[in-house]
1. Name the single residue that is surrounded by the fewest Cβ atoms within 10 Å (Cβ to Cβ) among those in the stretch 105-117 being modelled with pLDDT of 95 or more and within 24 Å of the chain's Cα centre (by Cα).
2. Where the second residue is among the acidic types (Asp, Glu) and in a strand (DSSP E or B) and the first is in contact (Cβ under 8 Å) with a residue 12 or more places away in the chain and lies in the stretch 195-215, which pairs have Cβ atoms under 6 Å and are six or more apart or on separate chains?
3. May I ask you to list pairs of residues, at least six apart or on different chains, whose Cβ atoms are under 7 Å apart, with the first in the stretch 229-250 being among the β-branched types (Val, Ile, Thr) and the second being not in a helix (DSSP H, G or I)?
4. Closer than 25 Å to Leu220 by Cβ, surrounded by 14 or more Cβ atoms within 10 Å (Cβ to Cβ) and of a type outside the set (A, V, I, L, M, F, W, C): which single residue out of Arg80, Arg73, Arg38, Arg132 fits that description?
5. Would you confirm whether any residue within the stretch 30-52 is at pLDDT below 95 and of a type in the set (Lys, Arg)?
6. Pull out all pairs, ordered by first then second residue, where Cβ-Cβ is under 8 Å, the residues are six or more apart or on different chains, the first lies in the stretch 119-147 and is farther than 19 Å from Leu84 by Cβ, and the second is among the charged types (D, E, K, R).
7. Mind checking which residues of the stretch 151-168 are closer than 18 Å to Leu59 by Cβ, part of a loop (DSSP other than H, G, I, E, B) and acidic (Asp, Glu)?
Amino acid sequence: MSGVPPQAMAAPCFELRGAQVRLGPAPRPPALDEVNLRVLPGERVAFIGANGSGKSTLLRTLHGLLPLTAGTRQAPGRHRVAMLFQRPHMLRIRALHNVALGLWLQGRRWGEAKALALTALQRVGLADLAQRNGRALSGGQQQRLALARAWALQPDIWLLDEPTASLDPHAKREVEQLIAEFTAATANGQPTTLLFASHNLGQVKRLASRVVYLEQGRVLADLPVHDFFNPDLLRAVCPHAHLFVQGESW
């Protein structure tokens, strides 16, 4: 066992077995079908595929926001999980209070929550906008505010649903850099785990260590990132994924 990496011996933070999720009546095809997925602490997993392939449904299922209609799901035990969406929901209150409220709901005193929230805003470069209404911020600023709100809670598992898809190129780079920094460190003594959906293959190469390709709710490929972007290997393992990558690269 000495040659086995410690990560491989760790208990999974997520595991799906034969998972199926339906978002409508039975005649409608399932949004996820027969999905088997095991994610270990510290992994950085990208979910890719065409629109409607099941990426967002898979993230929401892992987080417990959608129930299974078949199969089993193993959820995190002592882990803290944060999920960010493509268009984050901001409360109609100050940016500072958007962050502090979550801390207060966790049991912090309001003064302490505000102090920690300000630290989080400084971390994402928004301290000078702390008193501005959260909904008055630009798209890039709102996504950075959402990152601050999540980071303040010190999660060790991050679930990101296309967090830069609706941003301009400059904002994309800023948000992606923050994601890389936040998920590179440990939290609460745990290695940080990252699961994210993205159409940006360059972003996948930069952030992921593993790539899962979905099509019509099924996992067709699950490979280390360097194998996934090896054209000859991917063509042999999963022609559908190879065609997708070629199409997205044009």
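The values are calculated or read from the model by the stated rules, or taken from the named source; none is laboratory data. Computed from a predicted model, the values in this text were never measured in an experiment. Cβ atoms come from the backbone with ideal geometry, glycine included; neighbour counts cover every protein chain shown.
1. Checked the stretch 105-117; the qualifying residue surrounded by the fewest Cβ atoms within 10 Å (Cβ to Cβ) is Leu116.
2. Matching pairs, first to second residue: Ala197/Asp161; Val212/Asp222.
3. Pairs that qualify, where the first residue is among the β-branched types (Val, Ile, Thr) and the partner is not in a helix (DSSP H, G or I), are Val237/Ala221; Val237/Leu223.
4. Arg73
5. no
6. Going by the 8 Å Cβ cut-off, the qualifying pairs are Ala130/Arg94; Gln131/Arg94; Arg132/Arg94; Asn133/Arg92; Asn133/Arg94.
7. Asp156, Glu162
Residue by residue, here is whether (1) more than 15 Å from the chain's Cα centre (by Cα); (2) at pLDDT 95 or above; (3) surrounded by 14 or more Cβ atoms within 10 Å (Cβ to Cβ); (4) not in a strand (DSSP E or B) holds:
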{"position": "Ala171", "(1), (2), (3), (4)": "yes, no, yes, yes"}
{"position": "Glu174", "(1), (2), (3), (4)": "yes, no, yes, yes"}
{"position": "Glu181", "(1), (2), (3), (4)": "no, no, no, yes"}
{"position": "Leu195", "(1), (2), (3), (4)": "no, yes, yes, no"}
{"position": "His199", "(1), (2), (3), (4)": "no, no, yes, yes"}
{"position": "Leu214", "(1), (2), (3), (4)": "yes, yes, yes, no"}
{"position": "Leu233", "(1), (2), (3), (4)": "yes, yes, yes, yes"}
{"position": "Ala241", "(1), (2), (3), (4)": "yes, yes, yes, yes"}
{"position": "Gly247", "(1), (2), (3), (4)": "yes, no, no, yes"}
